[in-house]
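Here, each number is a calculation from the coordinates, and none is a lab measurement. Small disclaimer: the values here were computed from a predicted structure and weren't measured. A quick note on method: Cβ atoms are made from the backbone with ideal geometry, for glycine too, and the neighbour counts reach across all protein chains shown.
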Amino acid sequence: MGVCLNSIMAAMRHCAKKFDGLKLLRREFPYQRVAERNSESTRYYGSVNKMVLQTGLALKQNFSSNLCFAVASVWLCLATLIVVPDLRAQTPKPDAKPEPDVLIFTDDEKLIGHLVRSTGASVTFKSDMAGEITVEWNKIRELRTQRRFAVVQKNVKLHRHEDTAQVPQGTIVMSGEKIEVTAGPAQTTSTIPIGNAAYLIDEATFQKAVLHRPGILEGWRGAVTAGASLVEATQTSQTFTGSGSFIRAVPTESWMDARNRTTVDFSASYGKLTQPNTPNLRTAIYHTGGERDEYFTPRFYAFGQVAYDHNFSQGLDLQQAYGGGVGWTVMKNSRRMLDLKTSLSYVDQQFQEPSHNQNLFGSTFAERYDDKFFRSIVFTQQLSVTPAWNNTSAYSAWGSAGLTMPLYKRFSFSISTIDTFLNNPPPGFKKNSFQLTTGLSYTLH
């Protein structure tokens, strides 16, 4: 038994010596990466387990006493349980919360929080006390960030999978009408005049935008609107309206050149009026369409489009329209956008009276204008005219205008008008169909 205990004590002294050597190594190199420390811990844990097994086998071979072998195994296991948790406790944990950024105004007022972004002449900063605010550069005396940002200058336009070396990235210090970008302790500092800085984007967002290729289901934005009315009296009236508009722009960032844009929209309006001893009156207007734009310059693009319409009020069972052409983004900024488009179109019209069915070849001239007012109120307007070259009297036009006003979070109130004009409806139907709808909208991101 004495020999057994001597072997146990020798094994434990060996464990302690290795553990002291590993702690000394950690004191000499306190800034090793967490991954290296975990790797060292794993190797040591494996060596201890191996030593347990080898010592146990040796004891079993040298001593025939099962009691001695059991006692030795227990002591070595206890040594492992004591040493290894203490070793793992030496591994430092990363900071849970990053250091805050500091913004100092020209009147010496200070905000502590985090820089969100900068676009043109404005800076968006978020603090716990003031929330998210937007302020002009000329109101800021100093700005210091702990996180890394990318500074995109006005003369730089990036494409996907492009070398990002031309864009300075690092921590930001702004003072004296200039921005200093420090990439690292041993690297040079880039100095950029504030007037040349078009965008400040956090580095993670910047890298994802340049290097990541979004899937078909990523990047969609839009809104869904619904409304209804019900009247129960001598007359019974029911009206239901709904619409949806979705857009996917690649890339979504305005500081990168546009590659493509996909839009999908639909609208529906159904009404029924019932009165005793009179025929029922019904209204049914449905529309769905889609468009794909491919940019070959930041402003010019080629597109293809498709649209399907049903308008019971104009005797139109189904109208199919297919076209392709070119478009020009005349104006695009953070508030307004104006697009002009022209295309060659094929239109198949099927009416309730088959004798009026037509196949038309023509052109479509269209425009779209979006404007964002104060308090995030959005105005949208569209207009298109389609003359037919094989039957000049069979032209048509379509126009819409809408206003969306935020109510609560993603919910908003919307009011819109749609006007559809057919110059050649069947006898007994009006050429013009006008809709005014209101409803509750829900914004999708």
The extension gain from Ala284 to Ser363, computed as 0.36 nm times the residue separation minus the Cα-Cα distance, is 25.7 nm
The range 220-444, convex hull of Cα, quarter of hull surface, nm² -> 13.9
Checking the range 269-367 for trypsin sites (Lys or Arg not before Pro) in a loop per DSSP with at most 11 other beta-carbon atoms within 10 Å yields Arg335
Karplus-derived 3J(HN,Hα) from phi for the range 253-268 (6.51 cos²θ - 1.76 cosθ + 1.60, θ = phi - 60°), whole Hz, x at Gly and Pro, runs 7, 6, 7, 10, 5, 5, 9, 7, 8, 10, 10, 9, 9, 8, 8, 8
Quarter of the surface of the C-alpha convex hull for the range 155-294, i.e. direction-averaged projected area in nm², equals 14.0
Listed with the fewest Cβ neighbours within 10 Å leading, Tyr322, Tyr395 appear as Tyr322, Tyr395
Ranked from fewest to most other Cβ atoms within 10 Å of their own Cβ, Val181, Val378, Val231 fall in the order Val231, Val378, Val181
Ordered by number, the trypsin sites (Lys or Arg not before Pro) in the range 139-213 that occupy a DSSP loop and have at most 13 other Cβ atoms within 10 Å are Lys154, Lys157
Sparse-neighbourhood loop hits (trypsin sites (Lys or Arg not before Pro), the range 351-431; DSSP loop; Cβ within 10 Å at most 16 others) -> Lys409, Arg410, Lys430, Lys431
Expected sort for Leu211, Leu111 with the fewest Cβ neighbours (10 Å cutoff) up front is Leu211, Leu111
A chain fully extended from Ala228 to Ala130 at 0.36 nm per residue, minus the present Cα-Cα distance, gains in nm 31.2 nm
In nanometres, the difference between 0.36 nm per residue of separation and the alpha-carbon distance of Thr189 and Asp370 is 61.1 nm
Given unit charges at Cβ for Lys, Arg (+) and Asp, Glu (-), the dipole magnitude of the range 220-444 about its Cα centre in debye, nearest 20, is 680
In nm, the gap between the two label points placed 7 Å beyond Cα toward Cβ at Ser254 and Asn423 is 4.0
Any residue on another chain or 5+ positions along whose placed amide H is under 5 Å from the amide H of Ser345 is listed here as Gly362, Ser363, Thr364
